[in-house]
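Take a look at the structure below.
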Amino acid sequence: MPGLTIGDTVPNLHVQTTHGDFKLHDYFSGSWTILFSHPGDFTPVCTTELGKMAKYSEEFNKRGVKLLGLSCDDLNSHKEWIKDIEAYTPGAKVDYPIISDPTRDIIKQLNMVDPAEKDPKGSQLPSRALHIVGPENTIKLSFLYPATTGRNMDEVVRVLDSLQRASKHKVATPVDWKPGEPVVISPGVNNEEAKAMFPQGFQTVDLPSKKEYLRFTQVS
Ligand code: BEZ
């Protein structure tokens, strides 16, 4: 599907939410933000996802990350649904805004439409899209899941940790990386630069090609 992708600026749309109306860039205001959509209110998988997102609020706060949900239903429906979400996930407080998008204009502009899902009136529905927006209002990472597959919130936190490290240092995170494990030095950094950039040192893996491109170091 064409549309918003990594590196693009999120359009500064005016949105109606459970916390009032605002423009997206005003909400982001230089923070990292997770903008995530759901096929509909009062649906089973979505109810579990929004609760888990709320339950992880401390993890997101620690990383300076704001949350912003979206489901097309109206604001009264959202407010009623929040009671179910909080009841299902004990300890969860849905204190982040949820956008309402009755005209489906927002999900189209944010590349969040699921081509396979329609509501009973035949209107389009959002996929389980999740955009991680960086402090400059650009998309850093997107997930696009179908309605039938709930997202893994530990993975959301893990990729945030990867993105935030890569924004601070010229590094990338290898397969299955977790915080505390070594990262790899970006290919654009030569060994001389790496010595200056990483005074803690780095280890180069000896590979059959003898090309010294797999270099591990530690950053926090
Ligand atoms: C759900 O949230 O459970 C759901 C929503 C739409 C289609 C299938 C599942």
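The values are calculated or read from the model by the stated rules, or taken from the named source; none is laboratory data. As the structure is a prediction and not an experimental result, all values here were calculated from the model. All Cβ positions, glycine included, derive from the backbone under ideal geometry; neighbour counts span all protein chains shown. Keep in mind that these areas ignore ligands, DNA and RNA; they rest on the heavy atoms of the full protein, side chains included. Shrake-Rupley method; radii C 1.70, N 1.55, O 1.52, S 1.80 Å.
Can you find a residue in the range 61-78 that is assigned to a helix (DSSP H, G or I), touching a residue at least 24 places away in the same chain (Cβ under 8 Å) and within 16 Å of the ligand (Cβ to nearest atom)? Lay out the reasoning, then the answer.
From the range 61-78, those assigned to a helix (DSSP H, G or I) are 61-62, 75-78; that's our starting set.
Then keep just the ones that are touching a residue at least 24 places away in the same chain (Cβ under 8 Å); that gives 75, 77-78.
Right, trim to within 16 Å of the ligand (Cβ to nearest atom) and you get 77-78.
Yes, some residue in the range 61-78 is assigned to a helix (DSSP H, G or I), touching a residue at least 24 places away in the same chain (Cβ under 8 Å) and within 16 Å of the ligand (Cβ to nearest atom).
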**Message:** For the range 172-219, which positions are closer than 26 Å to residue 158 by Cβ, without any contact (Cβ under 8 Å) to a residue 24 or more places away in the chain and among the polar types (S, T, N, Q)?
**Reply:** 173, 186, 200, 203, 204
**Asked** Counting only residues that are open to solvent by 20 Å² or more (accessible area, probe 1.4 Å) and of a type in the set (Ser, Thr, Tyr), how many does the range 90-120 have?
**Response** 1
**Request:** Return the only residue of 40, 3 being touching a Cys at 6+ places or on another chain (Cβ under 7 Å) and in a loop (DSSP other than H, G, I, E, B).
**Result:** 40
**Asked** When you look at residue 213, is it within 21 Å of the chain's Cα centre (by Cα) and open to solvent by 50 Å² or more (accessible area, probe 1.4 Å), yes or no?
**Response** no
**Asked** If only one of 56, 27 is touching a residue at least 40 places away in the same chain (Cβ under 8 Å), more than 10 Å from the ligand (Cβ to nearest atom), surrounded by fewer than 23 Cβ atoms within 10 Å (Cβ to Cβ) and closer than 14 Å to residue 151 by Cβ, which one is it?
**Response** 56
**Prompt:** Among the listed residues 15, 45, which satisfies the condition of being within 16 Å of the ligand (Cβ to nearest atom) and either hydrophobic (A, V, I, L, M, F, W, C) or touching a residue at least 40 places away in the same chain (Cβ under 8 Å) (or both)?
**Reply:** 45
**Request:** Tally the residues that are away from the ligand (no atom under 15 Å from the Cβ), farther than 15 Å from residue 112 by Cβ and open to solvent by 30 Å² or more (accessible area, probe 1.4 Å), restricting the search to the range 138-151.
**Result:** 1
**Asked** Here are some residues: 93, 121. Which one is over 20 Å from residue 18 (Cβ atoms), out of contact with any Cys (no Cβ under 8 Å at 6 or more places or on another chain) and away from the ligand (no atom under 14 Å from the Cβ)?
**Response** 121
**Request:** Assess whether residue 21 counts as being open to solvent by 70 Å² or more (accessible area, probe 1.4 Å), away from the ligand (no atom under 16 Å from the Cβ) and not in a helix (DSSP H, G or I).
**Result:** yes
